[in-house]
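Student: The structure that follows is given in the form of structure tokens.
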Amino acid sequence: MNVLDKAQDSIESSITYQKRKKNHSGLAASYNNLAYLYELLGNGDKAVENYFKALEEDKHLENSVGISSDLHNIARYYKGAGEFENALFYYKRALEVNQGIAMIERVRDDLQNIIDILGSMGREEDRKIYVKALEDLDRKQSEND
């Protein structure tokens, strides 16, 4: 049994335990870990399936920071897979959450990813809106420093 197989067994054992204890926070973390492992193994379908499971657990807890991370992970996966419409959808959702909880670095990252995707899609008019939003954010940050 190789290292990745051992990791998968450990994570799946954790999921079983977390389900038994009804520990939604632990389940969200375990599903994220399993998703990442599936990404490393090149199994994108299983990866995104587990990212969505993590998202559901974080929604159950109304864990905004966790939801933000889950949405980002889903968007990042879709971006890497070249599924730009899906990536754009989830980055925009992450952006809304991050703006709501004032996670400025995450807002900046979401905006930059949206700008990159819109550029790749040739949607220059939409891209300009997000470039301006990023410039405004940076200007406000420099005024506050």
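The values are calculated or read from the model by the stated rules, or taken from the named source; none is laboratory data. Note that the structure is predicted; figures quoted are calculated from it, not measured. Cβ coordinates were reconstructed from backbone atoms using ideal geometry, including for glycine residues, and neighbour counts include every protein chain displayed.
Student: Somewhere in segment 100-112, is a residue more than 20 Å from residue 135 (Cα to Cα) and charged (D, E, K, R)?
Tutor: No, because not a single residue in segment 100-112 is more than 20 Å from residue 135 (Cα to Cα) and charged (D, E, K, R).
Student: Still on this structure: Take residue 55 and tell me if it is at pLDDT below 95, more than 22 Å from residue 129 (Cβ to Cβ) and in contact with a Leu (Cβ under 8 Å, 6 or more places away or on another chain). If you could, list the steps in order and put the result at the bottom.
Tutor: Values: at pLDDT below 95: no; more than 22 Å from residue 129 (Cβ to Cβ): yes; in contact with a Leu (Cβ under 8 Å, 6 or more places away or on another chain): yes.
It is false that residue 55 is at pLDDT below 95, more than 22 Å from residue 129 (Cβ to Cβ) and in contact with a Leu (Cβ under 8 Å, 6 or more places away or on another chain).
Student: Being charged (D, E, K, R) and surrounded by fewer than 23 Cβ atoms within 10 Å (Cβ to Cβ) is true for just one of 57, 83. Which residue is that? Before the answer, list the steps.
Tutor: Numbers: 57 fails: surrounded by fewer than 23 Cβ atoms within 10 Å (Cβ to Cβ).
Residue meeting the stated conditions: 83.
Student: Still on this model: Determine whether residue 103 is of a type outside the set (Asp, Glu), out of contact with any Pro (no Cβ under 9 Å at 6 or more places or on another chain), modelled with pLDDT of 95 or more and within 21 Å of residue 29 (Cβ to Cβ). Steps first, answer last, please.
Tutor: Details: of a type outside the set (Asp, Glu): yes; out of contact with any Pro (no Cβ under 9 Å at 6 or more places or on another chain): yes; modelled with pLDDT of 95 or more: yes; within 21 Å of residue 29 (Cβ to Cβ): yes.
Answer is yes for this residue.
Student: Can you tell me which residue among 14, 68, 25 is crowded, with 22+ Cβ neighbours inside 10 Å and of a type in the set (S, T, N, Q)?
Tutor: 68
Student: Consider residue 64 carefully, then state whether it is farther than 22 Å from residue 38 by Cα and touching a helix residue (DSSP H, G or I) at 6+ places or on another chain (Cβ under 7 Å). Give the derivation first.
Tutor: Working: farther than 22 Å from residue 38 by Cα: yes; touching a helix residue (DSSP H, G or I) at 6+ places or on another chain (Cβ under 7 Å): yes.
Criteria met by residue 64.
Student: May I ask you to list the residues in segment 52-67 that are in contact with an Asp or Glu (Cβ under 6 Å, 6 or more places away or on another chain) and either farther than 11 Å from residue 28 by Cβ or not charged (D, E, K, R) (or both)? So that I can check it myself, show each step before the final result.
Tutor: Residues of segment 52-67 that are in contact with an Asp or Glu (Cβ under 6 Å, 6 or more places away or on another chain), as a first pass: 54-55, 58, 66-67.
Hits for segment 52-67 are 54, 55, 66, 67.
Student: Also: Would you mind telling me which numbered condition in (1) part of a loop (DSSP other than H, G, I, E, B); (2) modelled with pLDDT under 95 residue 141 fails?
Tutor: (1)
Student: Related question: Give, as residue ranges, the helices (runs of 4 or more DSSP H) completely inside segment 34-106 that count at least 3 residues that are within 24 Å of residue 122 (Cα to Cα).
Tutor: On the way: elements: 44-61, 64-80, 84-100.
Per the criteria, 64-80, 84-100.
Student: Based on what the data block shows, is residue 129 part of a helix (DSSP H, G or I) and surrounded by fewer than 16 Cβ atoms within 10 Å (Cβ to Cβ)?
Tutor: Working: part of a helix (DSSP H, G or I): yes; surrounded by fewer than 16 Cβ atoms within 10 Å (Cβ to Cβ): yes.
For residue 129, the condition - part of a helix (DSSP H, G or I) and surrounded by fewer than 16 Cβ atoms within 10 Å (Cβ to Cβ) - is met.
Student: Given 111, 95, which one is closer than 28 Å to residue 144 by Cα, in contact with an Asp or Glu (Cβ under 7 Å, 6 or more places away or on another chain) and not aromatic (Phe, Trp, Tyr)?
Tutor: On the way: 111 fails: in contact with an Asp or Glu (Cβ under 7 Å, 6 or more places away or on another chain).
After applying the criteria, what remains is 95.
Student: Of the residues that sit in segment 93-113 and are among the charged types (D, E, K, R) and free of Cβ contacts under 8 Å to residues at least 12 places away in the same chain, which one is farthest from residue 52 (Cα to Cα)? Quick ask: steps written out before the conclusion?
Tutor: Filtering segment 93-113 for residues among the charged types (D, E, K, R) gives 93, 96, 105-106, 108-110.
Then drop every residue that is not free of Cβ contacts under 8 Å to residues at least 12 places away in the same chain, which leaves 96, 105.
On the way: 96: 18, 105: 23 Å.
Among those residues, the one meeting the criterion is 105.
Student: Could you check, for segment 5-18, whether at least one of its residues is within 14 Å of the chain's Cα centre (by Cα) and assigned to a helix (DSSP H, G or I)? Working first, answer last.
Tutor: So in segment 5-18, the residues within 14 Å of the chain's Cα centre (by Cα) come out as none.
The answer is no, given that none of the residues of segment 5-18 is within 14 Å of the chain's Cα centre (by Cα) and assigned to a helix (DSSP H, G or I).
Student: Is it the case that segment 47-66 has a residue that's in contact (Cβ under 8 Å) with a residue 40 or more places away in the chain and either acidic (Asp, Glu) or within 30 Å of residue 20 (Cβ to Cβ) (or both)? So that I can check it myself, show each step before the final result.
Tutor: First, the residues of segment 47-66 that are in contact (Cβ under 8 Å) with a residue 40 or more places away in the chain: 66.
If we keep only those that are either acidic (Asp, Glu) or within 30 Å of residue 20 (Cβ to Cβ) (or both) as well, we get 66.
Yes, because at least one residue in segment 47-66 is in contact (Cβ under 8 Å) with a residue 40 or more places away in the chain and either acidic (Asp, Glu) or within 30 Å of residue 20 (Cβ to Cβ) (or both).
Student: Starting from segment 10-27, take each residue that is under 12 Å from residue 54 (Cα atoms) and list its partners that are assigned to a helix (DSSP H, G or I) and among the small types (Gly, Ala, Ser), counting only C-beta distances under 6 angstrom and pairs at least six apart or across chains.
Tutor: 15/30
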